[in-house]
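What follows is a single structure, written as structure tokens, with notes after it.
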């Protein structure tokens with residue numbers, strides 16, 4: 001063991017024991033001066049949800065599921081915690097009644113993590129929570145490539161007169177200048193739309209979309225990922241993973257499920273294709289434990305965080 005920021009040894013303490021942190025890593029709230037590489041941060045907020053609630057409970061559920069993640073990723077051939085100093089930084093103090101104040105708290109906390117020299121991996125929460133995360137990433141790392149796994153584009157303008165909810169964060173981030181549409185890549189988009197013109201904004205902003213039909217066209221998939229890697233180059237990338245991008249047969253515990261998506265294996269494979277790129281932040285959102293079965297959505301969320309860590313470890 002080369003440093004103290006390691007998961008507890010399961011041969012000495014069983015996986016179902018001890019306080020639930022991500023992968024039973026040390027809980028460290030104040031990161032300053034500790035040389036931490038990555039902080040896992042929970043965002044227990046679902047005030048931007050428009051259908052099924054429950055994502056506020058996801059950080060706890062994902063932490064519980066994460067005890068099965070272990071240390072070594074054979075697919076990426078990397079020992080995550082030997083290459084990275086990772087801690088669980090706890091949760092953002094969300095205001096369940098106020099989306100604006102919660103967003104401010106998220107941005108402030110992620111800026112604190114960045115100021116300590118670490119990167120943040122967040123566990124949402126509904127997808128509105130990505131907006132302050134993207135703002136903080138832009139301040140710290142400059143322009144980046146956004147890789148967005150989802151069934152929905154999240155580029156709506158408003159609902160019931162509200163500009164901030166889980167269907168609008170990508171549009172708001174582009175308007176803020178935090179995200180460049182021409183450096184945004186969406187994967188898994190599918191399902192019916194409210195109107196035929198709903199995707200006009202995608203075209204206007206020059207966003208690249210690999211919808212689910214194109215995803216299963218191997219030639220189109222290859223072209224898409226080749227372009228993504230070319231556009232990203234050696235610059236920073238950020239991954240936003242909404243679990244409804246996966247078929248609800250594999251991630252039933254989510255707020256707005258859409259049938260006909262990719263499998264959990266295909267989703268993990270797609271993330272692994274980003275190996276070698278400079279990942280500076282990522283999030284898993286829209287896990288709703290009250291709608292889950294046998295914790296399979298939380299298990300997927302934990303596995304995805306581990307894959308993000310593996311990407312970071314491979315390019316440290």
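Just so it is clear, none of the values below were taken in a lab; they were calculated from the coordinates. Model, not experiment: these values are computed from the prediction. Ideal geometry is used to build each Cβ from the backbone, glycine not excepted, and the neighbour counts take in all protein chains shown.
Extension gain for residue 19-residue 2 works out to 3.8 nm (0.36 nm per residue, less the C-alpha to C-alpha distance). From the alpha carbon centroid of the stretch 29-71 to that of the stretch 264-292 is 13 Å. In terms of the mean number of neighbouring beta-carbon atoms within 10 Å, the peptides 200-206, 152-158 order highest first as 152-158, 200-206. Between residue 34 and residue 93, the simple spin-label model (points 7 angstrom out along Cα→Cβ) gives 1.8 nm.
Taking the average, over residues, of other Cβ atoms within 10 Å as the packing measure, peptides 244-251, 218-225 rank 244-251, 218-225 from highest down. The slack between residue 12 and residue 143, meaning 0.36 nm per residue of separation minus the straight C-alpha distance, is 42.7 nm. Label-to-label distance for residue 75 and residue 52 is 2.4 nm, based on points extended 7 Å past Cα in the beta-carbon direction. Using alpha carbons only, how many degrees (0 to 90, rounded to 10) separate the axis of helix 99-115 from the longest principal axis of the chain? Approximately 50 degrees, to the nearest ten.
Here the stretch 1-150 carries DSSP beta bridges of which approximately 15% are antiparallel, counting only pairs with both residues inside.
Show me the three semi-axes of the equivalent ellipsoid for the stretch 79-157, from the C-alpha gyration tensor (sqrt of 5 times each eigenvalue), largest first, rounded to whole Å. Before the final figure, lay out each step's value.
Working: eigenvalues 97, 58, 37 Å².
Semi-axes from the Cα gyration tensor: 22, 17, 14 Å.
As a check on your grasp of the helix formula, calculate [θ] at 222 nm for the chain: sum -39500 (n - 2.57) over DSSP H runs of n ≥ 4, divide by the residue count, round to the nearest 500. Calculated mean residue ellipticity at 222 nm is -9500 deg cm²/dmol.
What's the extension gain from residue 193 to residue 218 if we count 0.36 nm per residue and subtract their Cα-Cα distance? Numbers along the way, then the final one.
Details: separation 25, 0.36 × 25 = 9.00 nm, distance 2.51 nm.
Answer, rounded to one decimal: 6.5 nm.
Sorting the segments 94-104, 52-62 by their residues' average number of neighbouring beta-carbon atoms within 10 angstrom, most packed first, yields 52-62, 94-104. Would you compute the Debye intensity of the stretch 1-114 from its alpha-carbon atoms alone, equal scatterers and no solvent, and pass along log10 I(q)/I(0) at q = 0.18, 0.20 Å⁻¹ to two decimals? Values returned for q = 0.18, 0.20 Å⁻¹ are -0.99, -1.13. Spacing of the modelled spin labels on residue 60 and residue 249, each 7 Å from Cα toward Cβ, amounts to 3.2 nm. As I understand it, the value is the acute angle between the Cα axis of helix 218-232 and the longest principal axis of the Cα atoms of the chain; what does it come to in degrees, rounded to 10? Around 70 degrees separate the two axes.
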